[in-house]
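Engineer: First, the structure itself, so that you have it in front of you.
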Amino acid sequence: MKKIKYCCKNFKNGSKTVFKSLKSEFPDIKQKKKDCLGNCKLCSKQCIVMIGKTEVVVAPNAKILYKKLKHRIG
């Protein structure tokens, strides 16, 4: 899997727990915190991450986002 990027402003929506959980469970996957991913409309309402340079993954809460990412990892 490519690098997973997180918006630091989205951490308040729950993506911080996803970041920490994936980091402990899959330490070999590259994860990076960015100040802004440029998807503010989605980011302000949902949990969001970016995979690679273009693919955006959104979920209504952190639990669902974690499940989606874990499914992608395999």
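The values are calculated or read from the model by the stated rules, or taken from the named source; none is laboratory data. Since we're looking at a predicted model, the values are computed, not measured. Heavy atoms of the whole protein, side chains included, go into the accessibility calculation; ligands, DNA and RNA do not. Shrake-Rupley method; radii C 1.70, N 1.55, O 1.52, S 1.80 Å.
Engineer: For residues in the stretch 1-56 being open to solvent by 40 Å² or more (accessible area, probe 1.4 Å) and of a type in the set (Gly, Ala, Ser), which is nearest to residue 69 (Cα to Cα)?
Structural biologist: 21
Engineer: Moving on. When only residues in the stretch 16-73 that are over 15 Å from residue 4 (Cα atoms) and of a type in the set (Lys, Arg) count, which is farthest from the chain's Cα centre (by Cα)?
Structural biologist: Looking at the filtered set, the residue picked out is 41.
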